[in-house]
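First up is the structure itself, then whatever we jot down about it.
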Amino acid sequence: MVDPAGDVKVIDPEFTVFASPGLDAGSLLSGFVLAHLYRRLAHPTSTSLLEAIDRIWGSYASSLSSAGLSVPEIRRVEEDTVGFCLIEVLRTSLGFAGARDPAKRILAAGASPQAEADLERYQLTAVHLFATCVRKRRESGGGIAHLVSELRAADLHNLPFMVGDGAAAVSAMPPTPSATEAMATEAVATEAVTTEAKKGL
């Protein structure tokens, strides 16, 4: 941070990143998305966090407009917000965010077949969100509204690519990639969205 006298103080590493405003907005909203998915495991009809996502984005977009940004500029920030949000959702849900690894909560009572199935549902839903919403974020009908719509429709207990429940749960998807493959995929995805964000600067 820089004070009026010109003194600079670095508070945290992320404060040194020069990127689209969508980085900050996306990082904030990722916590709401992850919390929504986690809550849906126990309460399949829970939607209160989706209202929070809508309100936060609506308020932020209004502030950007008041600050003089044009509609196309705000749309670009929205596209970046969805991209950064879902990269963080993917990184966290797959266990690459250290203490925030969802496995530590979902498997806290022990690695029972039901808990393992719940973790897989959580992770597969995050991957699905990333695949659908990041692709569509620059299209008509994409953006925050599409993300919220996908979250509202997500049924973690009835995924089309899962068969069975609890001990009998069997994934119809290909085997889970190794940690190395997953990190490589994450790195490519992060680089792609960062490159797109830089184009808008």
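Screening L37 against (1) under 18 Å from L129 (Cα atoms); (2) surrounded by fewer than 21 Cβ atoms within 10 Å (Cβ to Cβ); (3) modelled with pLDDT under 90 leaves a single unmet condition, (2).
Output the helices (runs of 4 or more DSSP H) that fall wholly within the range 1-119 and possess 3 or more residues being of a type in the set (D, E) and either within 17 Å of the chain's Cα centre (by Cα) or farther than 19 Å from A153 by Cβ (or both), or say none.
Numbers: elements: 21-42, 48-66, 71-93, 103-106.
Those helices (runs of 4 or more DSSP H) span 71-93.
Only a single item in (1) modelled with pLDDT under 85; (2) of a type outside the set (S, T, N, Q); (3) surrounded by 15 or more Cβ atoms within 10 Å (Cβ to Cβ) is not met by E78, and it is number (1).
Got at least one residue in the range 65-73 being in contact (Cβ under 8 Å) with a residue 12 or more places away in the chain, surrounded by 12 or more Cβ atoms within 10 Å (Cβ to Cβ) and on the phi < 0 side of the Ramachandran plot? Checking the range 65-73: not a single residue is in contact (Cβ under 8 Å) with a residue 12 or more places away in the chain, surrounded by 12 or more Cβ atoms within 10 Å (Cβ to Cβ) and on the phi < 0 side of the Ramachandran plot.
Scanning the range 1-34 for residues that are among the charged types (D, E, K, R) and modelled with pLDDT of 75 or more yields a total of 3.
The values are calculated or read from the model by the stated rules, or taken from the named source; none is laboratory data. All values reported here derive from a predicted model rather than from experimental measurement. Because the Cβ atoms are built from the backbone with ideal geometry, glycine has one as well, and the counts that use them run over all protein chains shown.
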